[in-house]
Amino acid sequence: MNVDLGPLWLTLHLAAVTTVILLVLGTPLAWWLATTRARGRALVEAVTALPLVLPPTVLGFYLLILFSPNSPLGGAWVSVTGETLTFSFTGLVVASVIYSLPFMVQPLQAAFERVGPGPMEAAASLRASRLDAFFTVAVPLSARGFLTATVLTFAHTIGEFGVVLMVGGNIPGETRVISIAIYEQVETLNYAEAHVLSAGLLVFSFVVLVGVYALNRPRMLA
């Protein structure tokens, strides 16, 4: 049996790009949430966590409208690039960044909160700038949180279905990721290939969860 690996490589590409973007965008957001006392913090936390409770098809539907060439954002994108955000790899990336946002931000926020203000105050007393203290103190102390957030974001993006189906459809080589490929194989009663793809995702997901739980397990002192 020949299994088409195109959707797998496209999925890995999508997950890698999404994870890198969220590392850049999610880190300052998580730091702000962990350190701010602003009244709007609860609102920002709720918006960030919304993809956790909102059905993917609902989020995908509104993103489809937002990315439409008839919308201000979608129309501006078409004017600049000559391409649409809907049914494109770029659209999948933007949708995946939004959908996977809490999987990056929440582990990082928890890690930054565990660091606390003490180490940063100690660095400030040594005349380190806030940016220098962040990269030389907060980031190393939060290394486990960064690893957890990166792994969870990557794995969650790989398993997306509802959002990518609504925004990207099923275009081979462009938006046909592995979850869509499984759905298509089941629809065409090609259960053998669907089983191979599904079993691969099942094993991958299990290994990721075991690794994350092992990483976050408190270490017992000898």
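Quick look at the numbers
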{"item": "The chain - charge dipole about Cα centre, Lys and Arg +1 at Cβ, Asp and Glu -1, debye rounded to 20", "result": "1020 debye"}
{"item": "Relative contact order (percent, whole number), the chain, Cα cutoff 8 Å, 6+ residue spacing", "result": "29 percent"}
{"item": "Kyte-Doolittle mean at least 1.0, axial Cα span of 15 Å or more - DSSP H helices of the chain", "result": "6-35, 41-53, 56-67, 89-115, 143-158, 191-216"}
{"item": "CD proxy at 222 nm, helix term only [per DSSP H run n ≥ 4: -39500 (n - 2.57); per residue of the chain; nearest 500]", "result": "-24000 deg cm²/dmol"}
{"item": "Charge dipole of the chain about the Cα centre (unit charges at C-beta), most positive-ward option of F61, H195, F134", "result": "F134"}
{"item": "Part-to-part distance (alpha-carbon centres) for region 100-125 and region 162-191, which is given in Å", "result": "38 Å"}
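Read-outs: derived from the displayed coordinates by stated rules, not from any lab. Quick caveat: nothing in here was measured; it's all calculated off a predicted structure. Using ideal geometry, Cβ is built from the backbone for each residue, glycine included, and neighbour counts are taken over all protein chains shown.
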